[in-house]
Structures are given as structure tokens and as C-alpha cells.
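Colleague: Have a look at this one before I ask anything.
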Amino acid sequence: MKKRLLYGWYMVAAGSGLQVLQAGLMTQSFGAYLAVLQVERGWSKTALSGAAALQQMESAILGPVLGWFIDRFGPQGMIRAGIVVFGIGLMLLSFTDTLLAFYGAFVVIALGASLCGFFPVNVALIHWFERWRARALSSLSLGIAFGGISVPLVAWSLQTYGWRATAFASGIIAIVLGLPMAMVFKRRPEDYGLVADGIVSSPLEEKSSDLEKNDVRRDFTAREALRTSAFWLLSLGHGFALLVVHAVSVHAIAHMHQGLGYTVAQASLVYTLLTLSQIGGVVIGWLIGDRYDKRLISGGCMLGHMAGLLLLTYASAVPMVLAFAVLHGAAWGLRGPFMQALRADYFGRSAIGMILGLSVMIIVVGQVAGPMVPGILADATGNYRAGFTILALLAGVGSLFFFFARKPERPFLEKS
């Protein structure tokens, strides 16, 4: 008997590839750009951090619209258009001479990233997986982790060829490699005569299902999800996690370079260790995510984020920096895929696009404040200690949101 491979796994592979491109070419390499541009152009940390914040604010504004569009038409066309826009944005970045033009290029990059990024790809995969949802989304997150491995390569290119050539080449690479992967995505398995996980109910299961019709529950609508405490607690927990994630992505290399005395290349190697640890966290999530309570695991990971950032902030020796990379990377890799999986587990698939889109409007607080708070305080105090300490403590508080975010009861299917 020929073994069947669910088409959704091909989408997982393509989505991972897209995450490699986005993370490697911009998201995780932005810190290297920041370190170079601050020296060459003389722009402040606050100004450069504003570009990263602008990118997240645009995602939040577009979130509900994208969610509605995905629920109505599917994510496949959006992902294909997004990778082209993302590549064009990177090429425009290479021509910027003023801070205003720099921000303009980032608006285009942000639009492309929103259309083909983690949000629409996650929604696409959520529709194709149910029993193995955490495993699929953890596999997808490997792309973000592997993208981080390329940060030293991007840093080397920035120092060897300059940021303009690097940005332009990155745009070409994004389109040439990303467009074929974007073509792999399809809407829902039901549109092709398939079901989630590729599992077809047996006659006995269908008969059992008929007997249970008096107690059938349905998915939440977006409006119903908003009325649950779980929606707000998960969104706040996710937002507090991103305070640390985005602060590290934007400022860790600059802190290690300017505050701890590492070269940009050395700091990028520490980031590589962080990425390898992230991969380890993803693998652990792949193994345990569908077996244990994702909520409690996520709360524990928040404590890992807190401890890791405090180690980086007050590092006085190399082992403390390495411990930061391991703790933060593992916590990120383990927790990250659970954010969307938890919402799909709690609220179902029917309105998941809109629910995730509305969540983005809340978690954007962490996405924006993560880069901005350390940047502003570093300009004011001359170092990152105050900003990083505040965000680390907030991550500790954020663990409580996950611990209290219990799964709500699904609403009953109305009888006709």
C-alpha cells in the first residue's frame, strides 16, 4: 500500500522556506543593518528603531483586513503578491539617502511581510492540520530559526559590499526564491476533497458522530471570541513575549557591539547560537506540543525570556552571553508556534483569520514597544541596561497571562 503524504506538509516546507527568506534577509538581520547605518548615516537608535516599529504598526492596522480577506478568499493569492512586494521593498531600501526615504522603503517591506509573512502562512496551515497542528506550526517555525543562521552572512556582506548592495541583492533573492514557494499554497483541504490531517472518518466514526449530534459544538465567531477572557489573556501574553523578541532582534547586536565590546561579526556569531537554540526549542515543541498543555509550556518560556534578557543586560563574561543565547533562543523556538496553535485549539478554524487579525492589534504593543523602549532609553542613558531590564521584568509578568488563559467552552451548534 502506497504511503500517503498530506499536501499540507508540502505547504509546511514552502512556508518554512518563506520564513527563512524573511528572517534571514531582514527580520533577524535588521540589528546588523542598525549597527552599520548608525555609524555610516549618523541616525540615532530611536530613529532606526522607529522603522522596525513602523513595520509592526502597519501589520496591526492591516491585521483585521487581512484576516477578513483570508477567511473569505484564502491566503494563497495574498502570499504570492506579498513576496514580490517584500522583494521590491528591499531593493528600494538600497536607494535611500534620507531618513524619510528609509521609512518609506520600510513601509513597502512591511506591506510585503504582512502579505506573505507568519500570519497568512499560519492561517493557511491551521486549515490543513488539527490533530498535528502544533507539530506543523513548529516545523514552520524552523524557517525563522534557520533564517537566523544567515545573520553572520548578512553581516559579512554588509561589511564587505556595503548595505546598499546587500539590500538590493536581498530583494532579488527574495523574489527569485520566494515566488515558486508561494505558488505551493492552497486554500482549504475541503476544497480539494480532503480533510484536515488527511484523516478520513470511518463509517463507525461517522455513526458515532450521528449519535452525538445532540451535543455538537461549533467554532467561535470572531465576535464570540472577543467576549472570552482567553482571547485577551493569550493576546496580552503574546504581546509581552514580543517585547523581548523584537528588542533582541533589533538591539542585541548593537548592545553586544557597543556595550560589551564585541565586533559586529562576533555578536552575529552569538546570534547564530541563539538561532541554533531556537531550532532546539522548535524540535522540543514538535515532540511535545500536541501531547502537553501548550498554555503552561508558554508560561514557562516567558520566564526563560526574562532570565535570558537579564543575563545579556548584565553580562560580565562570555558564559553569561552564551547562556542568554541558549535561554532566549530555546524559549522563543518552543513558545512561538504555540501562539497560533493555542488560538486555533481554543476557537476553531472557521473564523481563525479574523481572530488572529484582531489579536495582532493587541500584540502590536509588544512589537512596537520592544524596539522603541530600549532605543529611546539607550539614547537617553548611553546604554541598554534600563530598557532591557524593564522588558525582562515585563516578560516575567507576561507568564501569568498564559497561566490564567484557560480554554473556553465551545458554543453549541444551533438546532434547525
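Derivation of every value follows stated rules applied to the coordinates shown; laboratory data play no part. The shown structure was predicted, so the numbers you read here are calculated from the model rather than taken from an experiment. Heads up, the Cβs are rebuilt from the backbone with ideal geometry, glycines too, and the neighbour counts pull from every protein chain shown.
Colleague: If you line up the long axis of helix 7-22 against the longest principal axis of the chain, both from Cα atoms, how many degrees apart are they, to the nearest 10?
Modeller: 20
Colleague: Next up: What 222 nm value per residue comes from the helices of the chain, counting each DSSP H run with n ≥ 4 as -39,500 (n - 2.57) and dividing by all residues, nearest 500 deg cm²/dmol?
Modeller: Calculated from helices alone, the mean residue ellipticity at 222 nm is -26000 deg cm²/dmol.
Colleague: What's the local net charge at LEU342, with K and R +1, D and E -1, over the other residues with C-beta under 9 Å away?
Modeller: Its environment carries a net charge of +3.
Colleague: Let me ask something else. On a 0 to 90° scale, report how tilted helix 318-347 is relative to the longest principal axis of the chain, with both axes built from alpha carbons and the result rounded to the nearest 10.
Modeller: Tilt of helix 318-347: around 30 degrees.
Colleague: What span do the alpha-carbon atoms of the chain cover on each of the three principal axes, reported in whole Å from largest to smallest?
Modeller: 69, 42, 41
Colleague: On to the next question. For the residue pair TYR292 and TYR10, what label-to-label distance in nm results when each label sits 7 Å from Cα along the Cα-to-beta-carbon direction?
Modeller: Result: 3.5 nm between the two label points.
Colleague: Going by average Cβ neighbours within 10 Å, how do the peptides 350-357, 266-273 rank, with the highest at the top?
Modeller: Descending mean neighbour count gives 350-357, 266-273.
Colleague: What does the highest-first list of 63-69, 35-41, 234-240, 372-378 look like by mean Cβ count within 10 Å?
Modeller: Packing proxy ranking, top to bottom: 234-240, 372-378, 63-69, 35-41.
Colleague: Which percent of the Cα-Cα distances in region 283-416 go past 25 Å?
Modeller: Result for the distance tail: 36 percent.
Colleague: So how much slack lies between ARG41 and ARG188, counting 0.36 nm per residue of separation and subtracting their Cα-Cα distance, in nm?
Modeller: Roughly 48.2 nm would be gained on extension.
Colleague: Order 175-184, 319-328, 387-396, 15-24 from most to least packed using the mean count of other Cβ atoms within 10 Å.
Modeller: Top to bottom by mean Cβ count within 10 Å: 15-24, 387-396, 319-328, 175-184.
Colleague: Note the angle between two axes, namely the Cα long axis of helix 45-73 and the longest principal axis of the Cα atoms of the chain, as a number of degrees from 0 to 90, rounded to the nearest 10.
Modeller: Between helix and principal axis, roughly 20 degrees.
Colleague: Report the far tail of the P(r) of region 343-409, meaning the percent of Cα-Cα pairs longer than 13 Å.
Modeller: Counting pairs separated by more than 13 Å, the tail of P(r) holds 73 percent.
Colleague: To continue, here is another question. Please turn the phi angles of region 250-255 into ³J(HN,Hα) values with the Karplus equation 6.51 cos²θ - 1.76 cosθ + 1.60 (θ = phi - 60°), one per residue in order, whole Hz, x for glycine and proline.
Modeller: Per-residue couplings from phi come out as 8, 10, 4, 5, 5, 5 Hz.
Colleague: Summing +1 for each Lys or Arg and -1 for each Asp or Glu, what net charge is found among the other residues whose Cβ lies under 15 Å from the Cβ of ALA14?
Modeller: Surrounding charge for ALA14 is +3.
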